[in-house]
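Visitor: Questions regarding the structure given below will be posed in turn.
The values are calculated or read from the model by the stated rules, or taken from the named source; none is laboratory data. Model, not experiment: these values are computed from the prediction. Don't worry about glycine lacking a Cβ; one is built from the backbone with ideal geometry, like all the others, and counts go over all protein chains shown.
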Amino acid sequence: MITFGKYRGRSIAELLADKTYLRWLNDQPRLMAWLRQRHKELHDKIKAAAPTLDDRIQTYIDTAPPAVSGQGGSHQTFSVACVLAWGFDLSETEALRYLRIYNQRCQPAWTDKELKQKIKSAGKSEYHDKPRGYLL
């Protein structure tokens, strides 16, 4: 049984199912070092179960509302481009790869030229009040 924080008395399976908590744990170097020394098996299970950056980006893309023409679609697509290029600090090439996946749900779909322009604009600092990479 887990004996710390809100997970007191819960099973390891319950802990491994909570992706937000796993991400938080992985961002705690002292705690993870302690787990690696004292409970290597649990440490390794946490590392294996924690969502990767790709998982987190894909979840964001899957849950972002699709852009619809006449309903703020340009702004919506630009917002997604900003999260990819600025929030996740992706290169233009990486951000474009994810924006193309998002674009499959847009009505109508954007051209590749339009997507590239949105990514390029999204990487400019004048559009952002948070530091680059704030979602990492």
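Visitor: Would you check if there is a residue in segment 83-94 being loosely packed, with under 15 Cβ neighbours inside 10 Å, over 13 Å from the mean Cα position of the chain (by Cα) and under 28 Å from Asp18 (Cα atoms)?
Guide: Within segment 83-94, not a single residue is loosely packed, with under 15 Cβ neighbours inside 10 Å, over 13 Å from the mean Cα position of the chain (by Cα) and under 28 Å from Asp18 (Cα atoms).
Visitor: Still on this model: Where the second residue is hydroxyl-bearing (Ser, Thr, Tyr) and the first is over 16 Å from Asp129 (Cβ atoms) and lies in segment 79-103, which pairs have Cβ atoms under 6 Å and are six or more apart or on separate chains?
Guide: Qualifying pairs under 6 Å: Val80/Tyr102; Leu84/Tyr98.
Visitor: Kindly list the number of the only condition in (1) within 16 Å of Trp110 (Cα to Cα); (2) at pLDDT below 95; (3) of a type in the set (A, V, I, L, M, F, W, C) that fails for Met32.
Guide: (1)
Visitor: Failed condition for Leu53, given (1) in contact with a helix residue (DSSP H, G or I) (Cβ under 8 Å, 6 or more places away or on another chain); (2) surrounded by fewer than 16 Cβ atoms within 10 Å (Cβ to Cβ); (3) in contact (Cβ under 8 Å) with a residue 40 or more places away in the chain, with all others met?
Guide: (1)
Visitor: Looking only at segment 15-37, decide whether some residue is assigned to a helix (DSSP H, G or I), among the acidic types (Asp, Glu) and either out of contact with any strand residue (DSSP E or B) (no Cβ under 7 Å at 6 or more places or on another chain) or outside the structural domain of Asp112 (by TED's automatic domain parsing) (or both). Walk me through it before giving the result.
Guide: From segment 15-37, those assigned to a helix (DSSP H, G or I) are 15-17, 19-26, 29-37; that's our starting set.
Next, only the ones that are among the acidic types (Asp, Glu) stay: none.
No; the residues of segment 15-37 include none that is assigned to a helix (DSSP H, G or I), among the acidic types (Asp, Glu) and either out of contact with any strand residue (DSSP E or B) (no Cβ under 7 Å at 6 or more places or on another chain) or outside the structural domain of Asp112 (by TED's automatic domain parsing) (or both).
Visitor: Could I ask something else about it? Which ones in segment 78-93 are closer than 14 Å to Arg56 by Cα and not in a helix (DSSP H, G or I)?
Guide: Residues satisfying the conditions are Phe88, Asp89, Leu90.
Visitor: On the basis of being closer than 21 Å to Ala17 by Cβ and not assigned by TED's automatic domain parsing to the domain that holds Ile12, does Tyr60 make the cut?
Guide: Working: closer than 21 Å to Ala17 by Cβ: yes; not assigned by TED's automatic domain parsing to the domain that holds Ile12: yes.
Taking the combined requirement at face value, the residue satisfies it.
Let's see how each residue does on (1) surrounded by fewer than 17 Cβ atoms within 10 Å (Cβ to Cβ); (2) at pLDDT 95 or above; (3) not polar (S, T, N, Q); (4) not assigned by TED's automatic domain parsing to the domain that holds Arg23:
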| site | (1), (2), (3), (4) |
| --- | --- |
| Ser69 | yes, no, no, yes |
| Gly72 | yes, no, yes, yes |
| His75 | yes, no, yes, yes |
| Leu99 | no, yes, yes, yes |
| Tyr102 | no, yes, yes, yes |
| Glu114 | yes, yes, yes, yes |
| Ser121 | yes, no, no, yes |
| Leu135 | yes, no, yes, yes |
